[in-house]
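Heads up, the thing below is written out as structure tokens.
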Amino acid sequence: MPAPMVCKGKVSGGVVVLDRPGVLPEGTLVEVRPARAKAAALKGPTLSEKLLRLAGKAKGLPPDLALNHDHYLHGRPKR
């Protein structure tokens, strides 16, 4: 089975515009997938950075919650 053809382009006004127009015959069925963003192109904090902001914010929790979370959530015996 031959390797699939890859055509690159950009979305402009809600339409995919190929870098090389005319490379595909009119009416060709295509499948469009967004290219993976490079790490440098990603903007904003990562999920772990967002969650880290919440660390230590909870108040009034038992001091052994990390060890015995199954006890407090599901009623299992404490360790």
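Rule-based calculations on the coordinates, nothing more; no lab input. What you see is a predicted model, and the numbers here were worked out from it, not measured in a lab. Backbone-built Cβ (ideal geometry, glycine too); neighbour counts: all protein chains shown.
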Looking only at the stretch 57-79, which residues are in a loop (DSSP other than H, G, I, E, B) and aliphatic (A, V, I, L, M)? Ala58, Leu61, Leu65, Ala66, Leu67
Give the residue, chosen from Pro34, Pro45, Pro4, Pro25, that is over 31 Å from the mean Cα position of the chain (by Cα), free of Cβ contacts under 8 Å to residues at least 60 places away in the same chain and on the phi < 0 side of the Ramachandran plot. Pro25
Test Leu54 against the stated conditions and say whether it is part of a loop (DSSP other than H, G, I, E, B), of a type outside the set (Val, Ile, Thr) and surrounded by 10 or more Cβ atoms within 10 Å (Cβ to Cβ). no
Residue hits (the stretch 1-25; aliphatic (A, V, I, L, M) and in a strand (DSSP E or B)) are Val11, Val15, Val16, Val17, Leu18
